[in-house]
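Engineer: Submitted below is the structure of interest, expressed as C-alpha cells.
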Amino acid sequence: MREICAIVLINVIIGAACALAQSAEGRKKKNEDKEPVTQTLPLLKDPPAAVAADSSKLVFHVSPLSNKGLLSPQTREALSALMKLNHGGQIVKLRAFVAGTGDMRRVQTIVSEFFTEKKQPLPVLTTVQVGALPMEGAQTVIESVSVDKVDKKVSHPHGLAFFSGQPGDSAPEAIARLAKTAGGAMLRVTCFLDSIDRIQEAREAAARAFPSAAVNFVQPLRAGLNPAAMCEGVGESVIAGAPSKLVFTGAQMAFRDQDGDLRLAFQRLEKALEPFGASLQDTVSSTLYGLSAEIAERTRSIATGFLPTPPGMTLLVEGLPSLDASVAIEVVAASRN
C-alpha cells in the first residue's frame, strides 16, 4: 500500500512539474511573439530665430582650433570649450565657420543635442562654409556671445559698439584701420583673409592692436578674397546712449535667387524681431553672406528698403546650410522693450 501511495505521489509531482514547464514555455513563446516596444526619441528643437540679452553683461569668446577627428567631434569639442570659457553663463549667439567636406547641417543638430543635454536654452546659430581655417585638419571654429555670470559688475556701462569690416591690402593694414576706427577696447575681432599662409603676421598684428580681444581668423573662399583682408569687431562703446538690450538673430537664408525670395528673408527677420520689441529699422549691425557677388549685390540693394543702413559686412563664402540657399543675412537690433 505504501508503495502504491509513493508511486501516486511521484506521478503527481511529475505532472505538476510538466504543467509548470508547459506554462513557462507558453509564456516565453507569447513574449517572443510580442513585438518589442519601439522607443521614440524626442525631436530636437531648432535653434530660436532671435534671442535678447543685456548688452552691459555680454562677453565674447572664440573656440580653440582642433584637428582631432572630423566635423562632429570637433564641433562638440568646440562647444565644450566655449561652455567652460563662459563659466555657466547663458550663450545667446553662436557663429560657426566650417571648413572641409563635412556636412555643415550637422552643426545645428549637434548644437541642439549639446544644449539639450546641458539643460541650457538654445542660442541663435549662424553656420557658413568657408575655404580654410588656420590649422591643418581643423574643420570648425565657433564664436560665442554670452551673458557674464561671474562678474556681478556692469562690464560695459555705455553698451557695445559694432564695427563693420575694414578692408586692407594685408591683415596688418586691415587691423590698423579697425583699431583707428574703434578707438576703444575691443572684445572680439574677426579677420577674413584671402589666404591663411601669412597667419603668423596677422596674429602678431592683432595681438599688438587688440591684446584683450578674442580674435578669430578665417579664409572665407578657397580661391581668395578681394580685398586681401577685412576685419570686423565688437568693442565697448565710448559714447553714452548705446542700447541696453540687444536682439541677436541667426542667419536667415534666402532660397533661390529671385528678388521676391530675397525680400522674404528680410521679412522673416522682421517677424523674428517683433516679439522682442525690435524691428529691422533698429538694426545696429548686420552681416550678409553670399554665394556669388551678383546675388550679394542685389541683396544689398534690396536691404536698403528694410535696414536703416546697408549691411555693414558683405562676405562671399563657400556654402550655406541648404543647397537651395543663395544668400543669408543676420542682424543685431536694439530692443525698445
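Engineer: By how many nm would the segment from ALA185 to ALA293 lengthen if fully extended, with 0.36 nm per residue of separation less the alpha-carbon distance?
Structural biologist: Numbers: separation 108, 0.36 × 108 = 38.88 nm, distance 3.29 nm.
Gain on stretching ALA185 to ALA293: 35.6 nm.
Engineer: Report the relative contact order of the chain, percent, no decimals, based on alpha-carbon pairs under 8 angstrom and at least 6 residues apart.
Structural biologist: Here the relative contact order equals 19 percent.
Engineer: Still on this structure, I have one more. Can you run phi through the Karplus equation (6.51, -1.76, 1.60; θ = phi - 60°) for the range 326-336 and list ³J(HN,Hα) in whole Hz, with x for Gly and Pro?
Structural biologist: 10, 7, 9, 9, 10, 9, 10, 10, 7, 8, 8
Engineer: Can you work out ³J(HN,Hα) from phi for every residue in the range 314-323, in order, using Karplus 6.51 cos²θ - 1.76 cosθ + 1.60 and θ = phi - 60°, giving whole Hz and x for Gly and Pro?
Structural biologist: Listing the rounded values in order: 10, 10, 7, 10, 6, x, 10, x, 8, 5 Hz.
Engineer: Going by alpha carbons, how many degrees (0 to 90, nearest 10) lie between the helix axis of 259-273 and the longest principal axis of the chain?
Structural biologist: 70
Engineer: Here's another thing I want to ask about it. Classify the range 104-221 as rounded, prolate or oblate, taking a ≥ b ≥ c as the square roots of the eigenvalues of its Cα gyration tensor: rounded when a/c is under 1.5, otherwise prolate if a/b is larger than b/c and oblate if not.
Structural biologist: oblate
Engineer: While we're on this one: For helix 2-33, what angle does its Cα long axis make with the longest principal axis of the chain, in degrees from 0 to 90 and rounded to 10?
Structural biologist: The two axes meet at around 20 degrees.
Engineer: Can you give me the C-alpha center-to-center distance between the range 161-177 and the range 275-315, rounded to a whole angstrom?
Structural biologist: 20
Engineer: Here's another thing I want to ask about it. What residues have an amide H closer than 5 Å to that of ALA228, excluding those fewer than 5 places away on the same chain, when H is modeled at 1.01 Å from N in the peptide plane?
Structural biologist: The answer is GLY168.
Engineer: Percentage of Cα-Cα pair distances in the range 250-337 greater than 17 Å, rounded to whole percent?
Structural biologist: 40
Engineer: Given the range 180-337, report the % of alpha carbon pairs whose separation exceeds 22 Å.
Structural biologist: When every Cα pair of the range 180-337 is considered, 48 percent fall beyond 22 Å.
Engineer: Just reorder HIS158, HIS61 by solvent-accessible area, largest first, 1.4 Å probe, all chains present.
Structural biologist: Output order, biggest surface exposure first: HIS158, HIS61.
Engineer: Could you give the size of the charge dipole of the range 221-337 about its Cα centre, using +1 on the Cβ of each K and R and -1 on the Cβ of each D and E, expressed in debye and rounded to the nearest 20? Display every interim value, and only then the final one.
Structural biologist: Numbers: 9 positive and 13 negative charges, 36 e Å.
Its charge dipole is roughly 180 debye.
Engineer: Within the range 92-192, list the GluC sites (Glu not before Pro) lying in a DSSP loop whose Cβ has at most 13 other Cβ atoms in a 10 Å radius. Don't skip to the answer; put the middle values down first.
Structural biologist: On the way: sites: GLU113, GLU117, GLU136, GLU143, GLU173; in loops: GLU136.
Hits after loop and neighbour filter: GLU136.
Engineer: Sticking with this structure for a sec: How big is the accessible area of CYS231 in square angstrom, nearest 10, if you roll a 1.4 angstrom probe over the protein chains?
Structural biologist: It works out to around 0 Å².
Engineer: Apply the Karplus parameterisation 6.51 cos²θ - 1.76 cosθ + 1.60, with θ equal to phi minus 60°, to every residue of the range 87-97 and state each ³J(HN,Hα) to the nearest whole Hz, in sequence, with x for glycine and proline.
Structural biologist: These are the phi-based 3J(HN,Hα) values: 6, x, x, 5, 7, 9, 8, 10, 10, 10, 9 Hz.
The values are calculated or read from the model by the stated rules, or taken from the named source; none is laboratory data. This is a predicted model, so every value here is computed, not measured. Counting neighbours? That spans all protein chains shown, and the Cβs are built from the backbone with ideal geometry, glycine included. The protein model used for the area step is the full one, side chains on, heavy atoms only, and it has no ligands, DNA or RNA in it. Shrake-Rupley method; radii C 1.70, N 1.55, O 1.52, S 1.80 Å.
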